[in-house]
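All remarks here apply to the structure that follows.
The values are calculated or read from the model by the stated rules, or taken from the named source; none is laboratory data. It should be emphasised that the depicted structure is a prediction, and the values quoted were computed from it without experimental measurement. When we count neighbours, we look across all protein chains shown, and the Cβ atoms used for this are built from the backbone with ideal geometry, even at glycine. Each accessible area value is taken on the protein alone, full model and side chains, heavy atoms only, with ligands, DNA and RNA left out. Shrake-Rupley method; radii C 1.70, N 1.55, O 1.52, S 1.80 Å.
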Amino acid sequence: MFGMKRARRGGVAVALALGVALTAAGCAGGGSAGGDGGGAGGGDAGGDVSIVMLPKNLGNPYFDTSTGGAEEAVAEIGGTFEEVGPSEASPTSQVQYIQTAAQQGAGGLIVSANDPSAICDALDEARGAGVKVVTFDSDTNVECRDLFINQATSEGIARVQVELIAEQIGGEGQIAILSASANATNQNAWIELMEEELAASYPDIELVEVAYGDDDDQTSFDKTAALLQTYPELKGIVSPTTVGIAAAARYLSTSEYQGTVALTGLGTPNQMREYVEDGTVTAFALWNPADLGYLAAFATAALINGEITGAEGDTFEAGKLGSYEVGPDGTVLLGDPFVFDADNIADFDF
Ligand code: RAM
């Protein structure tokens, strides 16, 4: 609704520029649908495509970009679009926005969940009132929504971060994780898999603590300082959140640890560029949040228009991204994570 307008312009440009690079990879890994399912491009089918987008919280550039992608898609489809959301990424902070969307008769709700179950009652009610519910980025329990649009497999997201930190600390030493909020479905799934991967393949790396910055810049900054103080031998930090990694990089960049304590995880190129350029960070990963929002909006429109029900094997068209197929547990996969470093970071703008 508000600040997002600014982000939308950037988001659209990015989606076009980046769509090419990151989408190419994504299609190779997942996609596969095939049939063109009738209303190609999702154009005119005629339902009331009114979509409300509810990120974990407002004020996070990652979600500004995903909202920009969703808004671009809804403009192509021909519907109405609104972004709403809380300022804090806490388990129940989204409930009131879900209730309002249902009361206002939204056709679809796209949500990144702060907790797998805390918003389920509200989502059930909304679905009972005819709202199609699509999670993206961070899922709820499967039974609480119609579809989940997943940015990449959890295994892939976990693996790339473990590989990056292992490489950056020379395969041994203490590391910590600086996560988002303690209940975040997505971060918790990735952390569990990172722990498994570390245990299985990196016996000389010790994970000493998982800290939570709540996807709040200041909290993440303070938690970074605390980790460095508590663990003088710390060799590296993995932050699987764009808010956390940017705050940790800012702390490290002016500290005695710059260049000696490694930092990687999931970040946006625009937030991380200065820290790659000043040597605080070597490489980190992400996907294209604009494509994620764009895909979520096309999937939601397909549900609203009755083109799909969310059943495994359903296929739909997602505009410039092409065809997608619903996989097990009502999940649609965008693609593979992408690694950003000094050689490519200048090519991205989101
Ligand atoms: C933050 C949020 C989001 C996550 C990214 C990587 O922006 O926690 O849910 O997907 O980081």
Within the bounds of segment 215-222, is there any residue that is under 20 Å from GLN168 (Cβ atoms), surrounded by fewer than 20 Cβ atoms within 10 Å (Cβ to Cβ) and either within 14 Å of the ligand (Cβ to nearest atom) or not hydrophobic (A, V, I, L, M, F, W, C) (or both)?
no
For the condition open to solvent by 30 Å² or more (accessible area, probe 1.4 Å) and within 19 Å of the chain's Cα centre (by Cα), what is the one hit in ASP349, ASP314, ASP343?
ASP349
Those residues of segment 145-173 which are under 30 Å from GLN103 (Cα atoms), within 14 Å of the ligand (Cβ to nearest atom) and either in a loop (DSSP other than H, G, I, E, B) or open to solvent by 10 Å² or more (accessible area, probe 1.4 Å) (or both) amount to PHE148, ASN150, GLN151
Return a yes/no flag: does segment 95-104 have any residue that is over 20 Å from the mean Cα position of the chain (by Cα) and buried (at least 23 other Cβ atoms within 10 Å of the Cβ).
yes
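What strands (runs of 3 or more DSSP E) lie completely within segment 304-350 and have 2 or more residues being hydroxyl-bearing (Ser, Thr, Tyr)?
In segment 304-350, the matching strands (runs of 3 or more DSSP E) lie at 323-325.
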Given the options TYR202, TYR212, name the one that is aromatic (Phe, Trp, Tyr) and either in contact (Cβ under 8 Å) with a residue 60 or more places away in the chain or in contact with a Gly (Cβ under 8 Å, 6 or more places away or on another chain) (or both).
TYR202
Is it the case that segment 299-306 has a residue that's open to solvent by 40 Å² or more (accessible area, probe 1.4 Å) and at pLDDT 95 or above?
yes
Within segment 123-140, is even one residue among the hydroxyl-bearing types (Ser, Thr, Tyr), within 16 Å of the ligand (Cβ to nearest atom) and without any contact (Cβ under 8 Å) to a residue 40 or more places away in the chain?
yes
By residue number, the members of segment 256-285 that are buried (at least 24 other Cβ atoms within 10 Å of the Cβ) and on the phi > 0 side of the Ramachandran plot are GLY265
Among the residues of segment 279-287, is there at least one that is part of a helix (DSSP H, G or I) and of a type in the set (A, V, I, L, M, F, W, C)?
no
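Out of GLY330, GLY293, GLY310, report the one residue that is in contact (Cβ under 8 Å) with a residue 40 or more places away in the chain, closer than 15 Å to VAL134 by Cβ and within 14 Å of the ligand (Cβ to nearest atom). Can you show your working first?
Details: GLY330 fails: within 14 Å of the ligand (Cβ to nearest atom); GLY310 fails: within 14 Å of the ligand (Cβ to nearest atom).
On inspection, the qualifying residue turns out to be GLY293.
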Go through segment 229-255 and report how many residues are surrounded by fewer than 24 Cβ atoms within 10 Å (Cβ to Cβ) and either modelled with pLDDT under 95 or within 16 Å of the ligand (Cβ to nearest atom) (or both).
1
Restricting to segment 124-144, give me the number of residues that are open to solvent by 10 Å² or more (accessible area, probe 1.4 Å) and touching a strand residue (DSSP E or B) at 6+ places or on another chain (Cβ under 6 Å).
3
Could you please let me know if ALA176 is crowded, with 24+ Cβ neighbours inside 10 Å, among the aliphatic types (A, V, I, L, M), at pLDDT 95 or above and farther than 16 Å from GLY236 by Cα?
no
Hey, can you tell me all the residues within segment 46-87 that are part of a loop (DSSP other than H, G, I, E, B), of a type outside the set (A, V, I, L, M, F, W, C) and within 13 Å of the ligand (Cβ to nearest atom)?
PRO55, LYS56, ASN57, GLY59, ASN60, GLY85
